[in-house]
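The structure appears below as structure tokens.
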Amino acid sequence: MMNIIKKIIVIILSLVVVTGIFVPTAGVLAATFNNDAQDHPTLRVSNYTRNPGGNINWSGSVSANAGEVLSFIVYYHNTDSDIANGTTVRVQLPSGTFTSTTVTGEVRASNAATVNSSVSVNLTSGQSMSFIPGSVSWYPDGSATSRALLNGQNGSEIVSNGLFVGDISGGWSTQGYVIFRAQITNNGVIGTSGSAPIVTTNSVFSVTQASAVGHGVVNPNNLITTAWFEYGTTQSLGSITGYQNAGIGNDSINITGYFHALAPNTTYYYRAVAQNVHGTTYGTTMSFMTQSTDYGSNDSAPFVYTSGASSVAVNSAVFNGSVNPNNRNTNAWFEYGTTQSLGYTAGYQAVGSGNHASTLTSAVYNLAPNTTYYYRAVAQNAYGTTYGTTMSVTTGGTSVNSYGNTPYVTTYAAQSVFRNSALINGNVNPNRSLTTSWFDWGATTGFGSRTIIMPVGQASYTSSYSAVLSGLQANTTYYYRAVAQNAYGTTYGNTLSLTTEGAAIIPVAVTGTASVAPRVIVVQQPSESGSVVALLTPSIDKKNPNAGDTVEYSIQYRNESNSPITGATLKIDLPSEVTFESASLRASTSTDGMAIFDLGTIAGNTQGVITIKATIDRSVDADDALIFGATMTYVNAQKQFQSTTAYLTVVVGSGVAGLASLLSVLGDLFTNWFVDLILGLLIGFGIYHFFVRQKEEEVIIK
């Protein structure tokens, strides 16, 4: 009997050794970029003026004249098996005047060495180069279609501290690239008077299933000017309308362009462009959606259009649009903000259930002077949410800095720090200008990641705000800082750090499913009088859910005052370890990580509940902490912007997670046929040698 036990131990030890040899040790490998023989150079360039749209000719050098536009493309490909954490791309444009220069592009991550390459730019005369705002397009995961930039970035980050493109997994399927444009600007060589034309893109009209008419305004600035429109299904555009003569005057003239051969029920992007000898000017890139084939049917989302703003003053404007409810009860509103990520809502209203277009308007106040605001009309019925064109308006005033100041912001110590998640905190004073806030964070002081951007109003007092970090590594130090931005600038709080737990939250001695009650933390932004109007109460249907479980997370919201609150929006932020499935109310926006619900007006002493169904990933470990967040923003009866945030923390039980982790390891092991073969031979040899052959020998001896 003792011999058999010894033999079994030998077999088990052999398996452990083999497993140790063939199963990679987590964290040993590091991510690596662009070192495959088939990879493109990190940076390439093309003369966009000479090769527009689909005729781009990427290379390592380019020649250009004053006024011409260059396109740059930054390529990234993680060639290792490890995830590249906090990946950013960056291009260093030259400063000052030059005739020949080298431009360098780089790709970096917190756990990967920086890779870079350079291109040469040669000019016919001494000029300078300027980044074109709004020209950045991002094509992740091998996609030929551009996607929205992460975390509300506007694209200019690519020529400053670096454009954040997320955590990049290894393999060809996650390769991507970023394209942007820069203009060779005139430094007085071409004539002594005049300048590039002034261009504005306006809303389209006469939209059908297959066509639309673009509208814009051009001022030639006293020089012969040519104008046109660029359009396409992505923000890289690609198609051009016919060129037209815009004259040589110094007055604004209207231009139109016909977009044809369009697909129904499809979003198109477009912009007005004008060019004279002093350069090319690009209007704002805007979008519209063509009509669907079932326009006017009983089972369609509403149709909504954004129109130009009116009554524009130093501190206010009126947003305009129209909406067709498409025979279903429909609500409509406007979203606006100082960036194209918007963030604020206004004018929430019911527009009935007819089948005709009706006017939609909303006045907004407390805007900063001489500041560009972006806005769009939104409508929602039982069949979906429709977004109008994103347009812009610039308020009056001559000097923004003479009216206000940047926000004040302070970073505070983290709380609820677990081994895989944490809650970080800060304070912000908007300084009487519409302000948004977020946190920069990462495993180094270079950060690399950013939390979701949240509106914090335009008060003159300090209020708290928080954010959840999820998907963290155990026993790891993370750095973070609070950031706030308004029309007058961006303010950064001091950098702090936190270290995640290295051991299980529940003592090892505890067996079976953990029994830890969910914990609730509420962060409220008071009004100037110190009162809080709205209250959030979160709950979850499972006290300690297991990995793989589907849970129901509910948020009860209540207006505690006697007066109605308006413009109410509820944003639910799910942990990265959880996948969104469905909700009891149609969300205006829903992704794996967030669901946004536009609640409009909530009467006094009225409450409601929204329930989210979500599934916990099977890869989650027992005793990990999941932090669910919900933030409601609204305007109280005194026209003050306020917010309330509630966090609910639950600890994952041990019912499935341990088994799931084991199966994950075994699954990774047995997906390799060579390892299967070696293990099979070793196990078979061990069984034969210790049990069959020695049994035969014993029989012979006897």
- Task: Kindly establish whether Met594 is surrounded by fewer than 18 Cβ atoms within 10 Å (Cβ to Cβ), closer than 30 Å to Ala346 by Cα, of a type in the set (A, V, I, L, M, F, W, C) and under 21 Å from the mean Cα position of the chain (by Cα).
- Result: yes
- Note on the structure: Pairing a residue in the range 366-377 that is touching a residue at least 12 places away in the same chain (Cβ under 8 Å) and closer than 16 Å to Thr339 by Cβ with any residue that is assigned to a strand (DSSP E or B) and of a type in the set (Gly, Ala, Ser), where Cβ atoms lie under 6 Å and the two sit 6 or more apart in sequence or on different chains, gives Thr372/Ser392; Tyr374/Ser392
- Within the range 421-428, can one find any residue that is assigned to a loop (DSSP other than H, G, I, E, B), surrounded by 17 or more Cβ atoms within 10 Å (Cβ to Cβ), in contact (Cβ under 8 Å) with a residue 60 or more places away in the chain and touching a strand residue (DSSP E or B) at 6+ places or on another chain (Cβ under 8 Å)? no
- Query: Looking at the range 371-378, is at least one residue part of a loop (DSSP other than H, G, I, E, B), over 30 Å from Arg328 (Cα atoms) and at pLDDT below 85?
  - Reply: yes
- How do the pairs read when you match residues in the range 444-472 that are farther than 22 Å from Thr345 by Cβ and in contact (Cβ under 8 Å) with a residue 24 or more places away in the chain with residues anywhere that are of a type in the set (Lys, Arg) and part of a strand (DSSP E or B), using Cβ under 9 Å and keeping only pairs 6 or more apart or on different chains? Gly446/Arg108; Phe447/Arg481; Gly448/Arg108
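Could you tell me which of the residues Val318, Val312, Val323, Val277 is surrounded by fewer than 20 Cβ atoms within 10 Å (Cβ to Cβ) and under 28 Å from Phe597 (Cβ atoms)?
On the way: Val312 fails: under 28 Å from Phe597 (Cβ atoms); Val323 fails: surrounded by fewer than 20 Cβ atoms within 10 Å (Cβ to Cβ); Val277 fails: under 28 Å from Phe597 (Cβ atoms).
From the options Val318, Val312, Val323, Val277, the qualifying one is Val318.
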- Message: I'd like to know if the range 297-311 contains one or more residues that are of a type in the set (Val, Ile, Thr) and free of Cβ contacts under 8 Å to residues at least 60 places away in the same chain.
- Response: no
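Quick one: which residue in Ser433, Ser466 is among the hydroxyl-bearing types (Ser, Thr, Tyr), within 22 Å of the chain's Cα centre (by Cα) and either in the same structural domain as Thr233 (by TED's automatic domain parsing) or crowded, with 21+ Cβ neighbours inside 10 Å (or both)? Please lay out each step first, then the result.
Details: Ser433 fails: within 22 Å of the chain's Cα centre (by Cα).
On inspection, the qualifying residue turns out to be Ser466.
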- Task: Hey, can you tell me all the residues within the range 182-202 that are in a strand (DSSP E or B), surrounded by fewer than 20 Cβ atoms within 10 Å (Cβ to Cβ) and at pLDDT below 85?
- Result: Thr185
- Query: Do we have any residue at all in the range 606-616 that's crowded, with 21+ Cβ neighbours inside 10 Å, touching a residue at least 12 places away in the same chain (Cβ under 8 Å), part of a loop (DSSP other than H, G, I, E, B) and of a type outside the set (Lys, Arg)?
  - Reply: no
- Task: Check Gly134, Gly162, Gly166 and return the single one that is at pLDDT below 85 and closer than 25 Å to Phe447 by Cβ.
- Result: Gly134
- Do you know which residues across the range 21-71 are within 29 Å of Phe98 (Cβ to Cβ), of a type in the set (S, T, N, Q), modelled with pLDDT of 90 or more and part of a loop (DSSP other than H, G, I, E, B)? Asn34, Thr42
- Task: Identify the single condition in (1) out of contact with any Pro (no Cβ under 8 Å at 6 or more places or on another chain); (2) modelled with pLDDT of 85 or more; (3) within 13 Å of Thr490 (Cα to Cα) that Asn405 does not satisfy, given that it satisfies every other one.
- Result: (2)
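The values are calculated or read from the model by the stated rules, or taken from the named source; none is laboratory data. All values derive from a computational prediction rather than experimental measurement. Methodologically, a virtual Cβ is constructed for each residue, glycine included, from the backbone with ideal geometry; neighbour enumeration extends over all protein chains shown.
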